[in-house]
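The values are calculated or read from the model by the stated rules, or taken from the named source; none is laboratory data. On a predicted model such as this, the values are computed, not experimentally measured, just so you know. Don't worry about glycine lacking a Cβ; one is built from the backbone with ideal geometry, like all the others, and counts go over all protein chains shown. Side chains are part of the model used for accessible areas, which takes the heavy atoms of the whole protein and leaves out ligands, DNA and RNA. Shrake-Rupley method; radii C 1.70, N 1.55, O 1.52, S 1.80 Å.
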Amino acid sequence: GAVVSQHPSWVICKSGTSVKIECRSLDFQATTMFWYRQFPKQSLMLMATSNEGSKATYEQGVEKDKFLINHASLTLSTLTVTSAHPEDSSFYICSASRAARSNEQFFGPGTRLTVL
Amino acid sequence: GENVEQHPSTLSVQEGDSAVIKCTYSDSASNYFPWYKQELGKRPQLIIDIRSNVGEKKDQRIAVTLNKTAKHFSLHITETQPEDSAVYFCAARVGNAGNMLTFGGGTRLMVKP
């Protein structure tokens with residue numbers, strides 16, 4: 001149990017276009033989902049925390065108008081990178097937790113975004 | 001907010017030797033400390049975790065120790081194998097910050113056969 005999927009697994013796009021990444025909890029309801037960005041050979045940096053039905057909480061330095069997060073249901077959160085630029089190229093990983101007091105986060109497989 | 005530092009950034013050991021990775025955290029309210037293993041291009045996998053009411057936890061070749069007073073915790077891998085080669089991340093969760101994790105910078109472990 002506790003499987004999280006992401007789609008797409010990789011995407012290449014032109015500069016200026018928008019890209020949507022989906023994160024789904026397949027066999028559990030995720031009260032909270034997290035979006036991370038990971039540059040090569042670096043750690044996971046939390047971008048935002050999203051709770052179902054409410055606005056996402058963004059970390060300092062993350063532009064909420066550029067990285068749009070929607071958590072429309074207990075099994076789906078989406079991250080849209082708007083007007084992507086080459087510096088947005090990165091590995092984006094989501095995670096989900098089952099309940100407010102649950103310790104463990106279950107990670108998706110990640111999406112590699114390359115902006116040309 | 002919470003700050004987690006991890007050392008060393010790279011670690012090379014001979015197969016069969018032990019490996020130790022150390023992390024320190026800043027927020028005394030942190031109460032949950034997981035360790036993740038990440039292979040290249042893949043998702044982080046939880047390998048062991050410890051809560052603040054426990055000082056040590058062991059699972060086969062992997063153990064984690066926690067010193068709340070000093071605010072540091074360590075991962076110990078014994079009898080290392082080549083398949084242990086990966087990047088390891090420690091993380092800490094502040095008790096009143098939902099489930100938000102703050103990650104350390106990672107340690108690239110290389111186990112030489």
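Annotations
- Hits in region B:12-52 - residues which are over 13 Å from the mean Cα position of the chain (by Cα) and crowded, with 16+ Cβ neighbours inside 10 Å: B:Val13, B:Asp27, B:Ser30, B:Asn31, B:Arg43, B:Ser52
- Search result, residues across region B:9-39 that are more than 21 Å from B:Ala70 (Cβ to Cβ), within 14 Å of chain A (Cβ to nearest Cβ) and not polar (S, T, N, Q): B:Tyr36, B:Lys37, B:Glu39
Condition check ((1) open to solvent by 20 Å² or more (accessible area, probe 1.4 Å); (2) within 14 Å of chain A (Cβ to nearest Cβ); (3) part of a strand (DSSP E or B); (4) free of Cβ contacts under 8 Å to residues at least 40 places away in the same chain) across all residues:
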residue: B:Lys57; (1), (2), (3), (4): yes, yes, yes, yes
residue: B:Thr65; (1), (2), (3), (4): yes, no, yes, yes
residue: B:Thr69; (1), (2), (3), (4): yes, no, no, yes
residue: B:Glu83; (1), (2), (3), (4): yes, no, no, yes
residue: B:Cys90; (1), (2), (3), (4): no, yes, yes, no
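- Residue count for region A:65-75 under the criterion of being in a loop (DSSP other than H, G, I, E, B) and farther than 19 Å from A:Gln105 by Cβ: the result is 2.
This table checks each residue for (1) among the hydroxyl-bearing types (Ser, Thr, Tyr); (2) part of a strand (DSSP E or B); (3) surrounded by 17 or more Cβ atoms within 10 Å (Cβ to Cβ).
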{"site": "A:Ser15", "(1), (2), (3)": "yes, no, no"}
{"site": "A:Gln29", "(1), (2), (3)": "no, no, no"}
{"site": "A:Gln42", "(1), (2), (3)": "no, no, no"}
{"site": "A:Ala48", "(1), (2), (3)": "no, yes, yes"}
{"site": "A:Lys55", "(1), (2), (3)": "no, no, no"}
{"site": "A:Glu63", "(1), (2), (3)": "no, no, no"}
{"site": "A:Ser77", "(1), (2), (3)": "yes, yes, yes"}
{"site": "A:Phe91", "(1), (2), (3)": "no, yes, yes"}
{"site": "A:Asn103", "(1), (2), (3)": "no, no, yes"}
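- Only one of B:Gln45, B:Gln6 that is within 13 Å of another protein chain (Cβ to nearest Cβ), touching a Ser or Thr at 6+ places or on another chain (Cβ under 8 Å) and polar (S, T, N, Q): B:Gln6
- Complete set of residues in region B:92-113 that are open to solvent by 50 Å² or more (accessible area, probe 1.4 Å) and farther than 22 Å from B:Ser9 by Cβ: B:Asn96, B:Met100, B:Pro113
- Going through (1) loosely packed, with under 14 Cβ neighbours inside 10 Å; (2) within 14 Å of another protein chain (Cβ to nearest Cβ) one by one, A:Ser83 falls short only on (2).
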